[in-house]
Structures are given as structure tokens and as C-alpha cells.
1. Can you say whether residue 221 is in a helix (DSSP H, G or I), within 24 Å of residue 163 (Cβ to Cβ) and free of Cβ contacts under 8 Å to residues at least 60 places away in the same chain, as far as the supplied structure shows?
2. Given 73, 129, which one is surrounded by fewer than 18 Cβ atoms within 10 Å (Cβ to Cβ) and over 25 Å from the mean Cα position of the chain (by Cα)?
3. Consider residue 80 carefully, then state whether it is in a strand (DSSP E or B) and not assigned by TED's automatic domain parsing to the domain that holds residue 214.
4. Quick one: what pairs do we get from region 27-38, first residue at positive phi, second part of a strand (DSSP E or B) and small (Gly, Ala, Ser), C-beta under 9 Å, 6+ apart or different chains?
5. Collect the residues in region 255-288 that are farther than 22 Å from residue 171 by Cα and hydrophobic (A, V, I, L, M, F, W, C), keeping them in residue-number order.
6. Criterion first (more than 15 Å from ligand 1 (Cβ to nearest atom), surrounded by 14 or more Cβ atoms within 10 Å (Cβ to Cβ) and either part of a strand (DSSP E or B) or not β-branched (Val, Ile, Thr) (or both)) does residue 51 satisfy it?
7. From the list 35, 84, 100, 66, exactly one residue is out of contact with any Asp or Glu (no Cβ under 6 Å at 6 or more places or on another chain) and modelled with pLDDT under 95. Which is it?
8. What's the number of the condition residue 62 fails, among (1) within 25 Å of residue 13 (Cα to Cα); (2) surrounded by 16 or more Cβ atoms within 10 Å (Cβ to Cβ); (3) within 16 Å of ligand 2 (Cβ to nearest atom); (4) in contact (Cβ under 8 Å) with a residue 40 or more places away in the chain?
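The values are calculated or read from the model by the stated rules, or taken from the named source; none is laboratory data. Because the structure is predicted, anything quoted here is derived from the model rather than measured. Here the Cβ positions follow ideal geometry from the backbone for every residue, glycine too, while neighbour counts run over all protein chains shown.
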Amino acid sequence: MTASRTDGPVAVVYDIQRLSLNDGPGIRTTVFLKGCPLTCAWCHNPESWESSPRLAYTESLCRLCGECVRVCPTRSHSIVGTSGEGLRHVVDWSTCTACGLCVEACPYDALSICGREYTVSELFEALKPDLPYYAVGEGGGVTFSGGEPMASFDFLFGFLRRKGNLNVCLETSGSAPSTDFLKIAPLVDLFLYDYKATGSERHKELCGEGSELILANLRLLCRAGAKVLLRLPLVPGVNDQEEHLRAIAALLEELPELEGAQILPYHALGTGKEARFGLGGRTFLRPSATAEQARAWLAALESFGARKVFL
Ligand code: SF4
Ligand code: SF4
């Protein structure tokens, strides 16, 4: 269930990326919704983990002026230390309610609130300026990403029922009730469906949940006639073993309805964001995959019989 206002279900949007070229066909607007049931070890979008808005603090901009300490009703900010030893700004993330008062008070833009509630109507309004771009070339549209957009199901379903001929893609981990996937299957133009690890135990180790439901939903969508493209986040030394690559090839053979599979090589961009949200320690940091590694994965998949795989 999604939070709801009197004017319909709402979702918390943490970013709207316009003129996106990598999230489905054509020129697209990618709408990032907050909230995700998984805890993938390589996820560097900490702002997407929780479903509610969250305070962000940028240490490099803070001048230790103390305005936030003065206005915060929950005493979540403090300046500690002495001028001799050096002063330090500490945020108590456990008591912050993301009310935004300190954001307004900070004279140096060191604070912000990540995430804003949208109703379906408000999102359609926000998308209006982009509509002309969707007609360019092969035809674009809107892509929902996250987090896990299915975690905001009521909002998503409400949007899809009103979309008319707007092309909508959905990036998903597959971790959501099967009944929800069946409801939206006829309304989604393309599912961009993650396949992250082989073996339920391994999936749980890396992503916090077993893979049974995810695989069941994938098969369900294919049987229901949905258009599904597999997306393969591959992290060197973590989930690029032969067993996993062979399982991907086998899945593509088992489900000929799949549109194909796209390799998403791990990159370390965006790391370091966790500290800004007080969410450090959940994920690992590794060197980015090289172009050579990505080509080797593609070659290996093809040698195992995988069809329609691309980078
Ligand atoms: S957002 Fe509100 S509760 Fe959180 S630190 Fe700022 S003033 Fe305090
Ligand atoms: S108001 Fe802004 S600059 Fe001043 S101490 Fe707080 S975060 Fe730092």
C-alpha cells in the first residue's frame, strides 16, 4: 500500500531526470521513487532506500554557524568540540523528522530534504514540459525507477490507469506481490527487470531477500504476455561467476518471450553519498568494471548460448 492523501495515492519522488536516453526506448523522463525492500550490497543510491523524505547534510558546505542547532525542534543538530581542538557538526539521524526547519535556516545550503510527495495529478503536471520530446525518433515516454517503484503500488497503478497512450517503462527488482504485477502487466509498455544473483541463498546474501518470488514474478509476466527486458547488474568478483552467467543464458532459453538482456557493468560513481544521509556502512565500494570486463561478460554469455544480450 502507498501513503494516501484525500486527493489520491501519493509517492515520494527523489529525482526526476529529463531527456534520459538509457532507461528504455527514445527520449524519456525517469521518475525515481523512494522506498525499496531490497538491500543490494552495491547500491549507491541511499536516498532511495527509505520511503519517506530524508534530511541530507553536506559537510563541505557547513560553516558551523549553529543556525540549525537553534531552530531544530528535536535537537538533532549539535556542534561539538572546542575552538582550540576543532569544532564538529554532529547530526542525530535517529531523531530527525525531516521537518525542514533547519534547511530553511541554514544560510550556506548545507542542508536539504531529499524526496517530495506527488499525487498522480501533480506528476502528470510535472511531466507536461517533456511531452514534445517523447514524439522524437523511436518514441520515448516515462520510466519509473527507484528504489523499487512497485513499493508505491497504489500511486503507480493510479498513474498507469490514466496514462492513455503515454509509453511507460518500469524498472523493477521483481520483489513485490505477484497479484500487483498481474494488475499492471497490461498497462506497462516495457518492464526493465533486474536479475542479480543465482541461487536464493546467494541472492539473500547480496540483496537481503531470496530470489524465489523474483523468479516467479518474471515467469508470470512472460506468461501474461508482458514485454520484459532483463537487466543484469554485474559486479566484478561478486556476481560475475560462470554459474550465474550460465543461469542467465538458461533463463533466456527458458523464456523466449524475453526481449533480451542488457548488461549493466558496476560503476563506483555516486559512492560516498551515504554519509550525507547518515546511512553509511551498508554497502561496499569496489573498483568500477572495465570496458574489457564488460566485453568478456558479453562474450561468455554468448558462448553459453545467451541470445539478444547487449551492453
Ligand atoms: S529536518 Fe527538522 S527535525 Fe530534522 S534536523 Fe532539521 S529541523 Fe531537526
Ligand atoms: S545552519 Fe548550515 S552552516 Fe550552519 S551549522 Fe547548520 S548546517 Fe552548518
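1. The answer is yes for residue 221.
2. None of the other options fit; the residue is 73.
3. When the stated conditions are applied, residue 80 passes them.
4. Pairs that qualify, where the first residue is at positive phi and the partner is part of a strand (DSSP E or B) and small (Gly, Ala, Ser), are 35/11.
5. 275, 277, 279, 284, 285
6. yes
7. 84
8. (1)
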